[in-house]
């Protein structure tokens, strides 16, 4: 599914889509969530190598679910457990205040504009993931709810380190390609005109060195 389709499915109560969005945000913490929907209760099991901290995880999950405006969900039950254990270390039930999707959509979240459509982004971690996989480009327009204005993705302060790293990686890949091209041409030219071949091989080595510097 496309990012917008995942977001739509999550709002409609699709457990797999909800889990996908939650897990994008939990990935930096090395936690994994499993989601189940039953009788109006949304059950979210969060597990990791250590027991997830209840005080941090419960508000995080509640905020995310409320922000999505998941349909037909009146209560949320969050669990925390160690990976591999059968019994949760803790559980917490929360009665959700019903939030209409229209209220959430009124410029309260990041929104990316691509051609003639706008894509809502549930959180900054999802935006980082979409930037890495190419779903969102630095040249795209994005609505920044903090500044209450539209801007380029490349100008978003929250993504400055990600974009810098991405730019460095792209430049390193370019140097690597140039090193192979000049090195390969140099080997061929050695058979025809050795002086030119040596120069090309030297250029290839220079670009290879620049690649390892940027890598």
Residue count for segment 112-135, restricted to those that are touching a residue at least 60 places away in the same chain (Cβ under 8 Å) and part of a loop (DSSP other than H, G, I, E, B): 3
Boolean, residue 8 is modelled with pLDDT under 85 and surrounded by fewer than 18 Cβ atoms within 10 Å (Cβ to Cβ): no
Within segment 1-32, residues free of Cβ contacts under 8 Å to residues at least 60 places away in the same chain, under 21 Å from the mean Cα position of the chain (by Cα) and under 20 Å from residue 72 (Cα atoms) come out as 5, 6, 8, 9, 14, 15, 16, 17, 18, 19, 20, 22
Going through (1) in a helix (DSSP H, G or I); (2) at pLDDT below 75 one by one, residue 146 fails only at (1)
In segment 46-93, the residues that are within 11 Å of residue 31 (Cβ to Cβ) and assigned to a loop (DSSP other than H, G, I, E, B): 49, 50, 51, 52, 53, 83
Conditions (1) surrounded by fewer than 19 Cβ atoms within 10 Å (Cβ to Cβ); (2) outside any loop (DSSP other than H, G, I, E, B); (3) in contact with a strand residue (DSSP E or B) (Cβ under 9 Å, 6 or more places away or on another chain); number of the one not met by residue 27: (3)
Any idea which of (1) buried (at least 17 other Cβ atoms within 10 Å of the Cβ); (2) modelled with pLDDT of 80 or more; (3) farther than 30 Å from residue 207 by Cβ; (4) not assigned by TED's automatic domain parsing to the domain that holds residue 7 is the one residue 131 doesn't satisfy? (3)
Do you know which of the residues in segment 65-94 that are out of contact with any strand residue (DSSP E or B) (no Cβ under 9 Å at 6 or more places or on another chain) and in contact (Cβ under 8 Å) with a residue 40 or more places away in the chain is surrounded by the most Cβ atoms within 10 Å (Cβ to Cβ)? 68
Just give me the residues in segment 129-139 being closer than 15 Å to residue 3 by Cα and in contact with a strand residue (DSSP E or B) (Cβ under 9 Å, 6 or more places away or on another chain), in sequence order. 130, 135, 136, 137
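The values are calculated or read from the model by the stated rules, or taken from the named source; none is laboratory data. Quick caveat: nothing in here was measured; it's all calculated off a predicted structure. A quick note on method: Cβ atoms are made from the backbone with ideal geometry, for glycine too, and the neighbour counts reach across all protein chains shown.
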